[in-house]
Every structure is written in C-alpha cells, then in structure tokens.
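**Q** Encoded as structure tokens, here's the structure I'll be asking about.
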Amino acid sequence: MIEFERHALSNGLKVIVHNDDSTPMVTTNLLYDAGSRDEDPEATGFAHLFEHLMFEGSDNVPVFDTPVMLAGGENNAFTNNDITNYYITLPANNLEIALWLESDRMVSLDLSESRLATQKSVVTEEFRQRYLNQPYGDIFLLLRPLAYRVHPYMWAAIGKDISHIEKADSISARQFYRRHYSPSSAILSVAGTAKPDVVFRMAEKWFGDIPPSEKIARVLPEEPKQKEHREITVYRDVPATQLIMAFHTGGRESRDFYILDLLTDILSGCDSGRFPSLLVRKKELFSDADIYLSGEIDPGLVIFSGRLKSGIDIKKAEAAVMNELNTLASEPVTAAELEKARNRYESLRLMSYLSAANKAFGLAFHELLGDADGINTEIDRYMSVTAEEIIDSSARTFTSDNCSVIHYLPLLK
Amino acid sequence: MKRHNVQQPPVIITPSAGETAFPETVSLSNGVPVYLLGKGTVDLLRIEFVADAGQRREKVHMASSTANAMLTEGSGNHDAITLNDLIDSTGAVFNHSADKETASLIMITLSRKLEEVTALAEEVLFHPSFPETEFRMLIDKRIQAFLTGRQKTSVIGREEYYRALCGNDNPYGRVTKLEDYQSITTEAIREFHSLHYRPDNIYITVAGRDPEKALPVLEKYFSGNGTGLWHEPDMPELAFETAKTGRIFAEVGNSVQSAVRMGWAGISRDHPDYQGLQVANMILGGYFGSRLMRNIREEKGYTYGINSVVGAFHGLGYIAIMTEVANNYREETLMEIKKEIIKLCRDEVGQDELSIVRNHFMGEIARMFDGPFNSAETIRGIIDYNTGHDYFARFVETVKTITPGKIKELFNTYFNIDNSFEIIAGAK
C-alpha cells in the first residue's frame with residue numbers, strides 16, 4: 001500500500017505527497033498533460049523539443065542544472081505521445097530548491113531565439129543518433145503512420161521528420177508554453193522523506209501565484225476501426241529480417257488493457273513464456289519474439305516484434321505467430337500460466353516501487369488517469385483477470401483485419 | 001510572463017554523502033563471505049553471487065560470457081524450458097552477466113519464496129548442463145547481434161578504443177571476430193565453468209529486509225567445499241601493449257553520424273591520484289553541466305551528448321572521451337575537445353564550478369548508498385577491485401579537500417593531448 005495525501009491549489013495545480021522516510025532523498029515529479037498527441041500535424045516533435053527548452057533557464061535561474069547540482073540532486077525528463085514529465089531527486093532537506101526551480105520554469109522560461117536554435121540542433125542530432133543511425137531504428141517511424149490514419153498517435157514523439165524540427169519557431173514555442181505549461185495542466189507529486197503538510201505549504205508558496213491558463217478541451221480525432229489488413233515491406237542495410245505486427249486495442253483505462261497486459265506477460269514477459277518457448281526454442285523460427293502493449297492513454301496497440309532466424313521465410317514466421325494468437329481466442333491459458341503471471345506481477349511491482357522516484361511518477365500518472373489511488377487499486381484489476389476474459393479479448397483483438405504488418409528485410413545484395 | 005511575486009530563492013543546504021560504511025560480513029561454514037545489507041522496506045530479497053569468472057580469466061575468447069549466458073539453459077535435473085518455467089513461476093527474476101572482471105548471478109525474490117528460489121540459484125550456478133542445441137541457438141543469436149553491431153558506430157568506436165588501449169592480444173582489449181563464434185565449443189565452456197564457478201570461489205551479497213534470515217538457507221545450499229576460497233583476485237600477469245597514439249579511423253558504411261572518441265591510458269584504482277582524477281574528469285565531461293557538454297552540446301549543438309570517464313581494470317587504468325556527432329562536425333568536435341583540455345591545463349577552475357562538482361559528488365554517493373539494493377551494487381565495486389572498505393570515506397575526503405591547483409596539475413599530468421589516441425568510426 002502506497003499511502004499519500006492530496007491537495008489542490010486554487011490555480012488548479014494538483015499536489016500529491018507520499019512519505020517514505022527509509023530514504024534520505026526525495027523526488028519531485030512534475031507531470032504536464034501535454035504530449036506529442038497535442039501537436040499540429042505539420043509541426044510534430046514539438047512537445048519533445050519543448051522539453052529540451054525547459055532546461056535552458058528561466059527569469060531567476062540562469063542555468064537550470066546549477067542549483068540542482070549544488071543541492072546534490074539529479075534530474076531529467078521525458079516526453080511521450082501523452083505527457084511530458086520532469087523529475088528531480090535530491091537530498092530531502094533541499095526539497096524546496098526543487099519546487100522553486102520547477103515553479104520558475106513553469107512561469108518564466110527563457111524562450112529566446114538563440115536557445116531555440118541550439119536545442120533544434122541538439123534534437124536533430126538526437127533524431128539521427130537514436131532513429132536514423134541505428135540498425136532497425138526507424139521501425140516506429142514506419143509503424144505509427146501505418147497503424148493510425150487520423151489520430152495523432154500516427155507520429156512518434158521525436159516527430160515525423162527532421163524538417164519539422166528545423167522549422168520550429170519561437171512564436172509557436174510561446175504559444176505551446178502558454179497553452180500547456182500552466183498549473184492547471186500539471187500534477188506535482190513528491191515521494192521520499194517529505195511531510196505532506198510541509199510540502200503543501202511549500203507548493204502554495206512557490207506555485208500559488210502562478211495564474212492558470214484557459215483550459216482548452218482536448219479534441220482529438222478518434223481513430224476509426226481498422227477494417228483491412230495493412231502491410232508494408234521495407235529493405236534496409238540490416239543483417240536479419242524483423243517482423244512487426246500491431247493490433248489496435250483499448251486505452252489505458254479499458255478492461256482490455258489489463259487483460260492484454262497480463263496476457264502479453266504470459267506470452268513473452270519471461271524466458272518461459274509461450275513465444276520464447278514455442279517460436280524461439282521449439283520451432284526455431286525467431287531468435288527473439290516479444291509482444292507488449294504500447295501503453296498510451298488513448299486506444300493503443302499490441303505490438304509483436306521478432307527477429308527471424310536466418311533462412312526462415314517471413315510468411316511462414318508470420319503464420320506461426322498468427323496461429324499462436326488464434327489459439328488464444330479459442331483455448332484458455334492454463335491455470336499455471338495465470339498463476340505465474342500473477343506471481344510475477346506481484347514481485348515486479350514491488351521491485352518497481354522500491355524507488356521513491358518510481359512511486360512519485362506512478363502517483364502522478366494515476367492522478368492524470370483520474371485517481372492517484374489507482375497505483376494501489378490496479379493490483380486488483382490485474383489479479384482478477386480470468387482465462388475467459390483472455391479468450392474474449394484475444395478473439396476481438398488478434399484478427400487479420402485489425403493488423404498492421406511491417407516486413408523489415410535486409411537489402412538484396 | 002514575469003512573476004508578480006518574486007521571492008528570495010531558498011537557501012541550498014550543502015549536501016552530505018551520508019552513511020558509506022562497509023556492511024556487516026559473515027561467512028558460511030566453508031568460508032564463503034556473505035555481506036548483509038539490511039533496512040529494506042518491502043518483502044523482497046536481492047541475493048547476488050559473484051564468481052571470479054570474468055573475461056580476464058579466458059583462455060578461449062568469449063568463454064566467460066558464453067558460460068554465464070548458458071547458466072539458465074538447462075541443468076543436470078531440468079531441460080531449459082522446464083528450468084526457466086520453475087524460475088519464472090516463483091515470480092523471481094534472475095539476472096546473470098559477465099564483465100571484464102567478474103561474473104554474477106542476481107536473484108530477486110519475494111521473501112516467502114526464498115528457499116525455493118535459492119535452491120534454483122544453486123542449480124543454475126553449479127550444475128548447468130550446457131546442452132548443444134541451446135548452445136547453437138545462443139551462438140546464432142549472438143552472430144545476429146554481432147552483425148547488427150557492425151552497423152553501429154558506437155559499438156565500433158568502443159571496440160577500437162579498447163583495442164588501442166590494451167592491444168589485441170590482451171583479454172581486456174580483444175575484439176570479437178565472426179570466426180570466434182565458429183571456434184567456440186561447449187567443451188571450452190564446460191572447462192571454463194568448472195575452473196571458475198566453484199562453490200567456495202564466490203562471494204555473496206544479501207540485500208533487503210532482515211537479510212540475516214537468508215543465512216540458514218544459504219548455508220544449506222552454498223556451503224559445499226571446493227579447492228580454494230574466494231580471495232583477493234589472484235590475477236594472471238597480463239601483457240598490456242602501451243596505448244597507441246594518433247588517429248584510428250574505422251569505416252562504418254552509410255552512417256549519418258560518427259562515433260568520436262579520444263583516450264589515454266590512466267592509472268590504477270590504488271594510485272594516490274585516482275580519486276582526484278575522478279573529480280577532474282567530472283569537471284571536463286562527467287555531468288550535464290560539464291565543460292564538454294556546455295561547449296559541444298549546449299553552445300554548438302553538434303551532439304545529443306558527450307561525456308568522459310576515468311576508470312581502471314586490474315592492471316590498467318583508462319581515460320575516455322566519447323560522443324556521436326554528425327559526420328561533418330567530427331573534426332570541429334575533436335578541436336573543441338582539445339581546446340577545453342588546454343583551458344583546464346592552463347587555468348585553475350573557479351570555486352563556484354568546483355562547488356557544483358563537489359556537491360554533485362556528495363549527492364551521487366548518497367544515491368549509491370540509498371537503500372540496500374543500491375548499496376549492494378556499490379559494494380560489489382569495492383570488493384571486485386579490492387579498493388579497501390574505506391574507499392568512499394576517503395573519496396568524500398578527497399572531494400572535499402581537493403584544490404584548484406591540484407586539479408590543474410592532474411590535467412597536465414594525465415590529459416596530454418600530444419600522446420592521446422583518437423578514434424573515428426563512421427562514413428568515409
């Protein structure tokens with residue numbers, strides 16, 4: 001049980017505190033309800049570029065990192081399709097430094113042209129390093145526009161293309177900042193050695209005077225039900241063929257999410273899962289075979305990804321995967337498989353929440369979903385998954401018409 | 001938007017490294033040392049078994065990593081699928097890995113499954129069967145990974161770095177070739193395993209809540225006898241070629257970025273300058289606000305990241321600066337790296353910058369000892385390198401007392417740009 005207290009400021013900032021005095025440190029996690037799904041389709045990658053700008057200094061903090069380091073802390077951030085998330089871990093007696101820093105960049109960020117120019121260049125290199133200069137690095141740049149036709153999940157958080165980052169300007173940066181970086185779009189979660197009433201007082205002091213921005217409801221196009229099999233083939237300079245198959249499923253709060261999250265653990269969460277046992281060891285079709293949920297808030301994907309052993313025909317490999325998935329739609333998983341998945345869930349959850357930083361993020365994320373207490377109650381949502389639900393969910397999900405496939409092949413030499 | 005209510009910033013409290021004491025040590029009846037790291041808050045135990053079975057012990061290249069990777073691929077009692085199913089069903093996680101120095105198996109288990117999981121760990125560590133089918137599968141998979149690595153500038157850059165540093169005949173520097181996968185055999189792995197995974201040639205760390213409760217179970221499964229106790233590593237005499245100087249270029253197909261590295265031989269961990277050199281390195285390229293990051297990422301925008309490290313194997317220290325940049329920035333990048341080094345050799349760092357680095361180190365050390373699981377990782381470094389139980393106490397002292405003059409002296413002694421070597425891996 002992760003206990004916490006909650007408080008909302010009058011400007012809309014939600015504050016959550018979990019006291020864990022087994023650590024001398026404290027983590028502040030500030031989650032902004034803004035991700036790449038909130039971008040203009042002609043200016044993608046912006047939310048992530050903006051995350052970089054958040055480290056470029058604000059009115060009272062010329063260099064963001066300096067006070068963090070002086071306070072003995074470390075900090076970072078990430079952007080995904082749904083959110084942008086910032087965290088600072090530092091000795092508990094310097095907690096107020098973190099709140100001061102976060103409040104200053106929430107309200108008075110330096111958005112000068114020169115800062116923007118540098119970060120555009122850095123992000124361009126990040127795009128190259130992580131997506132273009134890596135064998136298999138562009139798979140998600142290919143998969144998203146194949147699986148999605150209208151929803152903004154059709155682009156990755158890094159953006160569709162380097163050219164979008166190159167043309168970002170400071171006017172759009174200001175607009176993005178005003179619209180999304182406001183206390184009413186943020187959740188502040190604090191975990192570690194921290195007394196709730198003290199944190200609430202500090203939050204009032206540092207964030208209380210920041211005005212909320214006008215709340216503009218998020219209106220995103222709903223992805224229509226996929227009704228036809230989609231498939232593309234690409235050739236790249238890679239040594240082995242990779243097969244990617246993606247199926248549409250429900251959002252983070254749907255029942256299907258929990259059913260399929262547990263199911264994918266049964267299939268490939270550990271070495272004795274069905275896919276490593278059957279597709280890798282017994283049939284020797286793949287050298288690895290993995291299936292997982294993309295995990296977004298809006299309806300997401302179940303993604304299979306496997307690298308073929310040399311000499312294996314991709315159609316044969318694909319048929320074998322479909323065969324395993326179809327079996328799930330008719331035959332129940334065994335009691336032993338369910339028991340194993342539940343045991344694993346229990347211990348992996350404990351491992352994850354050993355870290356105060358993970359608890360801080362988990363609380364903020366569940367609060368965004370609707371209730372921070374989800375961090376505690378979602379155990380029941382996993383433990384209650386039945387073999388019948390898995391059959392039902394599999395039958396609806398793993399159909400050919402709901403599937404987008406990439407055949408990622410070595411260049412013909 | 002200006003803040004309408006600007007307040008005095010809070011005062012920063014100078015961070016302290018906190019408790020860095022070496023943990024309580026006990027022994028099993030066969031003499032195997034067990035280090036106990038308590039104060040866990042949840043019902044999980046992390047038990048790590050470390051064997052003196054790293055790459056440095058190899059006579060056949062890859063024997064160490066292959067033997068380690070094969071530990072869970074079948075035992076005298078169970079085939080690979082059954083064995084993995086037994087492990088996974090308990091909810092436990094087994095992580096096994098081999099590095100240049102030692103090899104280890106980490107088991108993380110729910111406390112209530114301790115005995116069951118410990119019995120499996122014993123089976124995995126000491127009774128692997130190394131079946132031929134699983135061995136072939138592993139090798140095939142590794143060949144795929146190896147071939148993928150040929151297209152990664154970062155991988156080629158790293159390999160060329162170690163080769164330049166240690167020479168190709170030294171187990172620390174040896175670069176894997178495709179032929180190595182063809183020549184390794186299960187016999188070679190069996191031999192490596194029987195020589196280096198012995199019941200009494202390991203040490204154990206136990207971390208979590210009430211770690212002493214694990215002792216009877218460890219005694220039951222791990223008190224067997226062998227031919228010699230875990231000891232301060234009795235190192236083979238390894239020949240290190242002196243690091244080469246000058247430029248090494250390795251072509252990587254159509255890469256859009258190049259890996260750029262610069263390096264020197266360094267000093268051993270027991271050298272009186274070793275800890276001071278850590279501080280100097282932090283200033284140059286050891287954190288987000290370092291000289292290199294500020295110049296090459298934050299001012300020039302040449303790279304997503306650049307950093308430098310100071311480390312040491314047994315018998316050889318090393319210094320490395322590494323980054324990945326667009327092909328057309330690589331010469332400018334090397335030039336800027338050298339400029340930053342020259343500045344640090346010429347001018348003393350200011351007290352402000354030194355304070356940032358000092359405080360950052362204190363926070364780092366506090367995090368390294370934050371909770372039993374982190375502490376277990378930290379003390380493994382102390383034991384494996386035999387750096388002394390007071391290593392971090394001394395380190396804290398060094399960080400607190402080092403002067404700008406000493407730092408400048410360290411740069412002049414160890415970062416001589418005229419005898420460095422440079423690696424570029426990328427397109428022509």
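**Q** Does A:L260 count as surrounded by fewer than 22 Cβ atoms within 10 Å (Cβ to Cβ), among the hydrophobic types (A, V, I, L, M, F, W, C) and not assigned by TED's automatic domain parsing to the domain that holds A:Y148?
**A** So A:L260 does not fit the description; no.
**Q** Continuing with this model, one more query. Just one of the numbered conditions (1) over 23 Å from the mean Cα position of the chain (by Cα); (2) modelled with pLDDT of 95 or more; (3) closer than 30 Å to B:P216 by Cβ is not true of B:I184; which one?
**A** Among (1) over 23 Å from the mean Cα position of the chain (by Cα); (2) modelled with pLDDT of 95 or more; (3) closer than 30 Å to B:P216 by Cβ, the lone unmet condition for B:I184 is (3).
**Q** Looking at A:N81, is it free of Cβ contacts under 8 Å to residues at least 24 places away in the same chain and either surrounded by 20 or more Cβ atoms within 10 Å (Cβ to Cβ) or in a helix (DSSP H, G or I) (or both)? Give the steps one after another, and end with the answer.
**A** Values: free of Cβ contacts under 8 Å to residues at least 24 places away in the same chain: no; either surrounded by 20 or more Cβ atoms within 10 Å (Cβ to Cβ) or in a helix (DSSP H, G or I) (or both): yes.
So A:N81 does not fit the description; no.
**Q** Which ranges mark the strands (runs of 3 or more DSSP E) fully within segment B:33-101 that have 3 or more residues being at pLDDT 95 or above and away from chain A (no Cβ under 14 Å)? Reasoning before the result, please.
**A** Working: elements: B:33-37, B:44-51, B:93-98.
By residue number, B:33-37, B:44-51.
**Q** If the Cβ limit is 8 Å and pairs must be 6+ apart or interchain, which residue in segment A:312-330 that is acidic (D, E) pairs with which residue that is part of a helix (DSSP H, G or I)?
**A** Short answer, once both residue conditions are applied: A:E324/A:L267; A:E324/A:R274; A:E324/A:F275; A:E324/A:L278; A:E324/A:L279.
**Q** Looking at segment A:34-41, is at least one residue in contact with a Ser or Thr (Cβ under 9 Å, 6 or more places away or on another chain) and assigned to a helix (DSSP H, G or I)? Let's see the steps before the verdict.
**A** Step one: filter segment A:34-41 for residues in contact with a Ser or Thr (Cβ under 9 Å, 6 or more places away or on another chain), giving A:34-36, A:40.
Next cut, assigned to a helix (DSSP H, G or I) only: A:36.
There is at least one residue in segment A:34-41 that is in contact with a Ser or Thr (Cβ under 9 Å, 6 or more places away or on another chain) and assigned to a helix (DSSP H, G or I).
**Q** Can you tell me which residue is modelled with the highest pLDDT among those in segment B:246-290 that are of a type in the set (D, E, K, R) and either out of contact with any Asp or Glu (no Cβ under 8 Å at 6 or more places or on another chain) or closer than 16 Å to B:F361 by Cβ (or both)?
**A** Going through the qualifying residues, I end up with B:D273.
**Q** Right, A:D313: assigned by TED's automatic domain parsing to the domain that holds A:I297, surrounded by fewer than 15 Cβ atoms within 10 Å (Cβ to Cβ) and more than 26 Å from the chain's Cα centre (by Cα) or not?
**A** On the way: assigned by TED's automatic domain parsing to the domain that holds A:I297: yes; surrounded by fewer than 15 Cβ atoms within 10 Å (Cβ to Cβ): yes; more than 26 Å from the chain's Cα centre (by Cα): yes.
Spelling it out, A:D313 is indeed assigned by TED's automatic domain parsing to the domain that holds A:I297, surrounded by fewer than 15 Cβ atoms within 10 Å (Cβ to Cβ) and more than 26 Å from the chain's Cα centre (by Cα).
**Q** Next up: Looking at B:L86, B:L37, B:L28, B:L45, can you tell me which residue is under 29 Å from the mean Cα position of the chain (by Cα), among the hydrophobic types (A, V, I, L, M, F, W, C) and farther than 30 Å from A:P91 by Cα?
**A** Details: B:L86 fails: under 29 Å from the mean Cα position of the chain (by Cα); B:L37 fails: farther than 30 Å from A:P91 by Cα; B:L45 fails: farther than 30 Å from A:P91 by Cα.
Selected residue: B:L28, the only one of B:L86, B:L37, B:L28, B:L45 that is under 29 Å from the mean Cα position of the chain (by Cα), among the hydrophobic types (A, V, I, L, M, F, W, C) and farther than 30 Å from A:P91 by Cα.
**Q** Could you figure out which of (1) part of a strand (DSSP E or B); (2) surrounded by fewer than 23 Cβ atoms within 10 Å (Cβ to Cβ); (3) not acidic (D, E) isn't true of A:I16?
**A** Result: A:I16 fails condition (2) only.
**Q** When only residues in segment A:84-114 that are more than 24 Å from A:R174 (Cα to Cα) and not in a helix (DSSP H, G or I) count, which is farthest from the other protein chains (Cβ to nearest Cβ)?
**A** At the first step, the residues of segment A:84-114 found to be more than 24 Å from A:R174 (Cα to Cα) are A:88-97.
Now narrow it down to the ones that are not in a helix (DSSP H, G or I): A:88-91.
Numbers: A:I88: 11, A:T89: 7, A:L90: 7, A:P91: 5 Å.
Out of the qualifying residues, it is A:I88.
**Q** A:S112: more than 30 Å from A:N402 (Cα to Cα), buried (at least 22 other Cβ atoms within 10 Å of the Cβ), of a type outside the set (A, V, I, L, M) and more than 22 Å from the chain's Cα centre (by Cα), yes or no?
**A** no
**Q** Among the listed residues A:L368, A:L363, A:L412, identify the single one that is touching a residue at least 12 places away in the same chain (Cβ under 8 Å) and either hydroxyl-bearing (S, T, Y) or surrounded by fewer than 16 Cβ atoms within 10 Å (Cβ to Cβ) (or both). Break it down into steps so the answer makes sense when it comes.
**A** On the way: A:L368 fails: either hydroxyl-bearing (S, T, Y) or surrounded by fewer than 16 Cβ atoms within 10 Å (Cβ to Cβ) (or both); A:L363 fails: either hydroxyl-bearing (S, T, Y) or surrounded by fewer than 16 Cβ atoms within 10 Å (Cβ to Cβ) (or both).
Of the residues listed, the single one that is touching a residue at least 12 places away in the same chain (Cβ under 8 Å) and either hydroxyl-bearing (S, T, Y) or surrounded by fewer than 16 Cβ atoms within 10 Å (Cβ to Cβ) (or both) is A:L412.
**Q** Still on this model: Exactly one of these conditions fails for A:N60: (1) away from every other protein chain (no Cβ under 11 Å); (2) under 21 Å from A:D110 (Cα atoms); (3) surrounded by fewer than 21 Cβ atoms within 10 Å (Cβ to Cβ). Give me its number.
**A** (1)
**Q** Which condition number in (1) surrounded by fewer than 24 Cβ atoms within 10 Å (Cβ to Cβ); (2) closer than 25 Å to B:S375 by Cβ is the one that A:D65 fails?
**A** The number of the failed condition is (2).
**Q** Being small (G, A, S), touching a residue at least 12 places away in the same chain (Cβ under 8 Å) and in a helix (DSSP H, G or I) is the requirement here; does A:S189 meet it?
**A** Details: small (G, A, S): yes; touching a residue at least 12 places away in the same chain (Cβ under 8 Å): yes; in a helix (DSSP H, G or I): no.
So A:S189 does not fit the description; no.
**Q** Being in contact with a Cys (Cβ under 7 Å, 6 or more places away or on another chain) and crowded, with 20+ Cβ neighbours inside 10 Å: is that true of A:R344 here?
**A** Details: in contact with a Cys (Cβ under 7 Å, 6 or more places away or on another chain): yes; crowded, with 20+ Cβ neighbours inside 10 Å: yes.
Criteria met by A:R344.
The values are calculated or read from the model by the stated rules, or taken from the named source; none is laboratory data. Worth saying up front: this structure is predicted, and the values here are computed from it rather than measured. Note that each Cβ is placed from the backbone with ideal geometry, even for glycine, and that neighbours are counted across all protein chains shown.
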